[in-house]
Amino acid sequence: MRPEDELSSPPGPRLATWNVESIRARHDQVIAWLDENRPDVLAMQETRCPARLFPTAHFNRLGYELVIHGGDGGHGGVAVAVQETDDGLSSVRGIDLGFPGAVAPLDQPRSISLTWRSWRIHSMYAPNGAKVGTDAHRVKLAWFALLRQWLALERTDHPHSIILGDLNIAPADIDVWDARRYRMRNLTSPLEREAFAALLEDGLVDVVRSHYEGVPVFTWWNRRSDFYETNRGWRLDHILTDAETARSIEAVWIDRQERGRDGSTDHAPVVLDLLSTKPAGHAGTAGATPLVGSGPT
DNA sequence: ATGGTGGTTGTACCA
């Protein structure tokens, strides 16, 4: 899963997403992983921690600045850690916490959007959805409708986009360890899969799937029982990019071993390594129109 | 038929 050069730094930017399932309970694991893998950007979900109680100092010591959104009451919450630059200035701008203008129940702390280098970066934590047919499930679908609108709006201003997060959808049967058993259920239902597919129809590329075509890869294993040990998992954590960014990928990998640590969060980190330079013919194309409909088939 | 775990908050809830 992890590329051969696992301990060396990639030539270009490294971005990762990780559902940390409480940053206060898990900061030792997260900080150790950051220290070892040194992503430029780590999008975190389910931080379950109000901003004032966030273990910020641990991140600062490693040279990361933080953007934090919510987590009050021990539910939800997202954050983005970004490697500090040498000039002492913040390397992020244009921060949006949540979907601007959203009203309850779509105003929960589940998203951060910010500009970093030439990319618009989004850390997303979709509602779990509980069970098909419940209010929670309808809220999940409404959240995805709003996400689609928000990303379409954002992409008119920022052609280079990277969406990282726990979207709480297994996009296809291959993304579930036993698709038949969990058919038409929460995380697999047709309306959820349509919501995910709509993002690809808008021109975003599911870069994990496009790099593991036809191969089952999982990012979440239920903590109960021996689901991890027996690899009964799901692919719920995703990285989507615009088509041009998708053409400049060095590697995509899931740090499956990290999930096996004692006391680990139940999700594995998902990592995107980009090439240091744009592909030939695409240098200096800031402002280019994103290609549409070029996602994996 | 529906187990099994963990975090946070508070004696249930969310995942």
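Whenever a residue of the range A:135-159 is more than 16 Å from A:P190 (Cα to Cα), its partners that are in a loop (DSSP other than H, G, I, E, B) and among the β-branched types (V, I, T), lying with C-beta atoms within less than 7 angstrom and at least six residues away or across chains, give the pairs A:P159/A:T289.
Does A:T265 fit the bill of being under 21 Å from A:A25 (Cβ atoms) and outside any strand (DSSP E or B)? Yes; evaluated as a whole, the condition is true for this residue. Could you tell me whether the range A:45-62 includes any residue that is closer than 30 Å to A:L275 by Cβ and in a loop (DSSP other than H, G, I, E, B)? The answer is yes; a qualifying residue exists.
Of all residues in the range A:21-37, those that are within 14 Å of A:T47 (Cα to Cα) and charged (D, E, K, R) have Cβ atoms under 9 Å from Cβ atoms of residues that are assigned to a helix (DSSP H, G or I) and more than 12 Å from DNA strand B (Cβ to nearest atom), 6 or more apart or on another chain, in A:D28/A:H58. Candidates in the range A:217-262 are the residues that are of a type in the set (A, V, I, L, M) and not in a strand (DSSP E or B); of these, the one that is farthest from A:P11 (Cα to Cα) is A:L236.
Look through the range A:168-196, keep the residues that are of a type outside the set (D, E, K, R) and farther than 19 Å from A:T219 by Cα, and return whichever of them is surrounded by the most Cβ atoms within 10 Å (Cβ to Cβ). Result: A:A195.
Okay, residues lined up against (1) within 15 Å of DNA strand B (Cβ to nearest atom); (2) closer than 23 Å to A:R48 by Cα; (3) in a loop (DSSP other than H, G, I, E, B):
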| site | (1), (2), (3) |
| --- | --- |
| A:A102 | no, yes, yes |
| A:Q108 | yes, yes, yes |
| A:S113 | no, yes, no |
| A:M124 | yes, yes, no |
| A:H137 | yes, yes, no |
| A:A142 | yes, yes, no |
| A:L147 | no, yes, no |
| A:L153 | no, no, no |
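For the range A:67-88, the set of residues classified as over 18 Å from A:P13 (Cβ atoms) and either surrounded by 15 or more Cβ atoms within 10 Å (Cβ to Cβ) or within 16 Å of DNA strand B (Cβ to nearest atom) (or both) consists of A:I68, A:H69, A:G70, A:G71, A:D72, A:G73, A:G74, A:H75, A:G76, A:G77, A:V78, A:A79, listed by residue number. Looking only at the range A:225-237, decide whether some residue is surrounded by fewer than 14 Cβ atoms within 10 Å (Cβ to Cβ), at pLDDT 95 or above and under 16 Å from A:T265 (Cα atoms). Within the range A:225-237, one or more residues are surrounded by fewer than 14 Cβ atoms within 10 Å (Cβ to Cβ), at pLDDT 95 or above and under 16 Å from A:T265 (Cα atoms). One residue stands out among those in the range A:163-196 that are closer than 17 Å to A:P127 by Cα and part of a helix (DSSP H, G or I): the one that is nearest to DNA strand B (Cβ to nearest atom), which is A:E192.
Among what's in the range A:89-100 and is farther than 20 Å from A:V271 by Cβ and assigned to a strand (DSSP E or B), pick the residue that is farthest from DNA strand B (Cβ to nearest atom). Quick ask: steps written out before the conclusion?
Going residue by residue through the range A:89-100, those that are farther than 20 Å from A:V271 by Cβ are A:89-90, A:93-100.
With the extra rule that they be assigned to a strand (DSSP E or B), the set shrinks to A:93-97.
Details: A:R93: 30, A:G94: 27, A:I95: 23, A:D96: 21, A:L97: 18 Å.
Within the range A:89-100, the match that is farthest from DNA strand B (Cβ to nearest atom) is A:R93.
So that you can scan it fast, the table gives a plain yes or no per residue for (1) in a loop (DSSP other than H, G, I, E, B); (2) of a type outside the set (D, E):
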| site | (1), (2) |
| --- | --- |
| A:G73 | no, yes |
| A:G76 | yes, yes |
| A:V82 | no, yes |
| A:D87 | yes, no |
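Of all residues in the range A:16-62 being aromatic (F, W, Y) and within 14 Å of DNA strand B (Cβ to nearest atom), which is nearest to the chain's Cα centre (by Cα)? Walk me through it before giving the result.
We begin by selecting, within the range A:16-62, every residue aromatic (F, W, Y); these are A:18, A:33, A:54, A:59.
Filter once more, so that each one left must be within 14 Å of DNA strand B (Cβ to nearest atom): A:18, A:54.
Working: A:W18: 7, A:F54: 20 Å.
Among them, the one singled out is A:W18.
Is one or more of the residues making up the range A:45-60 among the hydrophobic types (A, V, I, L, M, F, W, C) and touching a residue at least 60 places away in the same chain (Cβ under 8 Å)? I'd like the intermediate steps shown before the answer.
The initial filter retains those residues of the range A:45-60 that are among the hydrophobic types (A, V, I, L, M, F, W, C), namely A:49, A:51, A:53-54, A:57, A:59.
Keeping just the survivors that are touching a residue at least 60 places away in the same chain (Cβ under 8 Å) gives none.
No, every residue in the range A:45-60 fails to be among the hydrophobic types (A, V, I, L, M, F, W, C) and touching a residue at least 60 places away in the same chain (Cβ under 8 Å).
The values are calculated or read from the model by the stated rules, or taken from the named source; none is laboratory data. This structure is a prediction, so every number in the text was calculated from the model and none was measured. Note that each Cβ is placed from the backbone with ideal geometry, even for glycine, and that neighbours are counted across all protein chains shown.
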